[in-house]
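*Asks:* Have a look at this one.
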Amino acid sequence: MDRIRIVGGNELTGTIPISGAKNAALPLMIASLLTDDTLTLENVPHLADVEQLIRILGNHGVDYTVSGRRERQSEGYSRTISFSARNIVDTTAPYELVSKMRASFWVVGPLLARMGEAKVSLPGGCAIGTRPVDLFIEGLQALGADIDVDNGYVVAKAKNRLIGNRYVFPKISVGATHVLMMAATLARGETVLENAAREPEVVNLAECLNAMGARITGAGTSTITIEGVDSLSGARHRVIPDRIETGTYAMAVAMTGGDVLLEGARADLLQGALDVVSRTGAEIIQTNSGVRVMRNGSGISPVDVTTEPFPGFPTDLQAQFMGLMTMSKGKSKITETIFENRFMHVQELARLGAHITLSGQTAIVEGVSKLKGAPVMATDLRASVSLVIAGLAAEGETVVNRVYHLDRGFERLEEKLSRCGAVIERISG
Ligand SMILES: CC(=O)N[C@H]1[C@@H](OP(=O)(O)OP(=O)(O)OC[C@H]2O[C@@H](n3ccc(=O)[nH]c3=O)[C@H](O)[C@@H]2O)O[C@H](CO)[C@@H](O)[C@@H]1O
Ligand SMILES: C=C(OP(=O)(O)O)C(=O)O
């Protein structure tokens, strides 16, 4: 199993190219199931989750071709990939494939809408909470689907077409918003989704679906209206830059000090989170080529945060922010409201000398003046990178074990950081 070795203490200076967003690319790839035409996606990140979804889509009969990468980029960076679901050969998504990642469950929407049936294993993904699928089931039932849960599979059928309806999400869910929006594109009549997720990835998906001929308005607000159409066509669409990767590297620079251009990043996709990082003492500006983050000399100020659905502070940046707060000049309070078990990084950060106490869904972080390197274990995707952030500032050597979690969501992390002066390497095997 690969490990990442870091020797902390260096400032970060230089340029980090921001990849296409994992959490936008995955639903966009799944949207290819809605049409027998070709959907071409630009800026698809080269990540373990993307490769896994390619295997899952392949099992349904989706062909793909990789047709290029960005100029001046080496093998392994974001690519343009064309997906063609001309013939859906299988409407079952088996446990062995789906159990590895949460988003693979989302094929249920397009398969049901286009083929009238889907049998999809209950999903896996980061172990950060119970993560039920009740909202997907309830929402698809509102569109007229018959649904059973049998032997760990969701079995969904729609005898004729799905039928448009009004559905009010009892709780905001990104995944269920993606799925119902995709399913409703091919339903008969109008669907209105209320209390929908407003994340930029939902907007990116809606824009792609509209380019394919869907009639969606309101994505990015809490009410999305979808006028069903008979069929969708192919399109060419670009994956937005990864706001979680952007926020992660912004926090890394705020932690180590330095001056880094996050190339291709868009501040508007994570303004709330960047405002929080600014309040810790970093200077952040949007330039024509990306987001520039600087911290020179001053210490790290403590800031309290509470995770919330977009546009609030994202849960996917909570662990990284906690990493930053471990070296603040005071006490900060971090409250997690989205997932009930997303504090597994706390005990690993403690190995590096962090002072954190937990009380229910709140962590109190008392900043220390020095962290000391140690062997630590990655427990989930974002927790892993919080250990990298802490390791970059810790004295001496930190070894992060179980790096496969990181590879799900961070493209060439060690290369991007070492180019900016970090001492970081992958140890294979
Ligand atoms: C691949 C992807 O894009 N993953 C993101 C997506 O996950 P995901 O789409 O799984 O997250 P959701 O927004 O659905 O989850 C939000 C909350 O709703 C709950 N819930 C969800 C569905 C349901 O049927 N019932 C239910 O109770 C979840 O357990 C959680 O407590 O949004 C999360 C919240 O921003 C992010 O942390 C993940 O990185
Ligand atoms: C939690 C995440 O991913 P997933 O929903 O695939 O588990 C994430 O991207 O931080």
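The values are calculated or read from the model by the stated rules, or taken from the named source; none is laboratory data. What you see is a predicted model; the values in this text were computed from it and never measured. Here the Cβ is made from the backbone with ideal geometry for all residues, glycine too, and neighbour counts use every protein chain on show. Areas reflect the complete protein model, heavy atoms only, side chains present, ligands, DNA and RNA absent. Shrake-Rupley method; radii C 1.70, N 1.55, O 1.52, S 1.80 Å.
*Asks:* Give the stretch 391-419 a look and list any residue that's crowded, with 20+ Cβ neighbours inside 10 Å and part of a strand (DSSP E or B), or say none.
*Replies:* Correct list: T398, V400.
*Asks:* Identify the single condition in (1) within 14 Å of ligand 2 (Cβ to nearest atom); (2) more than 30 Å from S384 (Cβ to Cβ); (3) not small (G, A, S) that F105 does not satisfy, given that it satisfies every other one.
*Replies:* So the condition that F105 fails would be (2).
*Asks:* Restricting to the stretch 330-344, and then to whatever is closer than 20 Å to I300 by Cα and open to solvent by less than 50 Å² (accessible area, probe 1.4 Å), can you tell me which residue is nearest to ligand 2 (Cβ to nearest atom)? I'd like the intermediate steps shown before the answer.
*Replies:* Residues of the stretch 330-344 that are closer than 20 Å to I300 by Cα, as a first pass: 330-335.
With the extra rule that they be open to solvent by less than 50 Å² (accessible area, probe 1.4 Å), the set shrinks to 330, 332, 334-335.
Values: G330: 28, S332: 21, I334: 16, T335: 18 Å.
Ranking the qualifying residues of the stretch 330-344, first place goes to I334.
*Asks:* How many residues does the stretch 373-390 contain that are open to solvent by 20 Å² or more (accessible area, probe 1.4 Å) and in contact with a Gly (Cβ under 7 Å, 6 or more places away or on another chain)?
*Replies:* Filtering the stretch 373-390 for residues open to solvent by 20 Å² or more (accessible area, probe 1.4 Å) gives 373, 375, 377, 379.
Imposing the further condition that a residue be in contact with a Gly (Cβ under 7 Å, 6 or more places away or on another chain) reduces the set to 373.
Number satisfying all stated conditions: 1.
*Asks:* Within the stretch 217-250, count every residue that is in contact with a helix residue (DSSP H, G or I) (Cβ under 7 Å, 6 or more places away or on another chain) and without any contact (Cβ under 8 Å) to a residue 24 or more places away in the chain.
*Replies:* Qualifying residue count for the region: 1.
*Asks:* Test E348 against the criterion of being of a type in the set (D, E, K, R), farther than 26 Å from A24 by Cα and buried (at least 18 other Cβ atoms within 10 Å of the Cβ), and give yes or no. Show your work before the answer.
*Replies:* Numbers: of a type in the set (D, E, K, R): yes; farther than 26 Å from A24 by Cα: yes; buried (at least 18 other Cβ atoms within 10 Å of the Cβ): yes.
Considered against the rule, which asks whether it is of a type in the set (D, E, K, R), farther than 26 Å from A24 by Cα and buried (at least 18 other Cβ atoms within 10 Å of the Cβ), E348 comes out as yes.
*Asks:* Sticking with this one: Can you tell me which residues in the stretch 122-165 are within 21 Å of G61 (Cβ to Cβ) and within 15 Å of ligand 1 (Cβ to nearest atom)?
*Replies:* Once the filter is applied, which keeps residues that are within 21 Å of G61 (Cβ to Cβ) and within 15 Å of ligand 1 (Cβ to nearest atom), the stretch 122-165 yields P123, V154, A156.
Here's the yes/no breakdown for (1) within 16 Å of ligand 2 (Cβ to nearest atom); (2) among the aliphatic types (A, V, I, L, M); (3) closer than 24 Å to L122 by Cα:
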position: T177; (1), (2), (3): yes, no, yes
position: L186; (1), (2), (3): no, yes, yes
position: E190; (1), (2), (3): no, no, no
position: N204; (1), (2), (3): yes, no, no
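*Asks:* Tell me which residues, restricted to the stretch 377-429, are in contact with a Phe, Trp or Tyr (Cβ under 9 Å, 6 or more places away or on another chain), within 12 Å of ligand 2 (Cβ to nearest atom) and not aliphatic (A, V, I, L, M).
*Replies:* S384, S386
*Asks:* Turning to a different aspect of this structure: Among the residues of the stretch 77-97, count how many are of a type outside the set (S, T, N, Q) and closer than 17 Å to D37 by Cα.
*Replies:* Going residue by residue through the stretch 77-97, those that are of a type outside the set (S, T, N, Q) are 77, 79, 81, 83, 85-86, 88-90, 93-97.
Okay, now just the ones that are also closer than 17 Å to D37 by Cα, so 81, 83, 85-86, 88-89.
So the count comes out to 6.
*Asks:* Just the residues that are assigned to a loop (DSSP other than H, G, I, E, B) and either within 20 Å of the chain's Cα centre (by Cα) or within 14 Å of ligand 1 (Cβ to nearest atom) (or both), please, taken from the stretch 330-345. Please lay out each step first, then the result.
*Replies:* Pass one, the stretch 330-345, residues assigned to a loop (DSSP other than H, G, I, E, B): 330, 336-344.
Passing the criteria: E336, T337, I338, F339, E340, N341, R342, F343, M344.
*Asks:* Does any residue in the stretch 315-329 that is within 16 Å of ligand 1 (Cβ to nearest atom) come within less than 6 Å, Cβ to Cβ, of a residue that is among the acidic types (D, E) six or more places away or on a different chain, and which pairs are these?
*Replies:* As it stands, the answer is Q318/E336, since those pairs meet every condition given.
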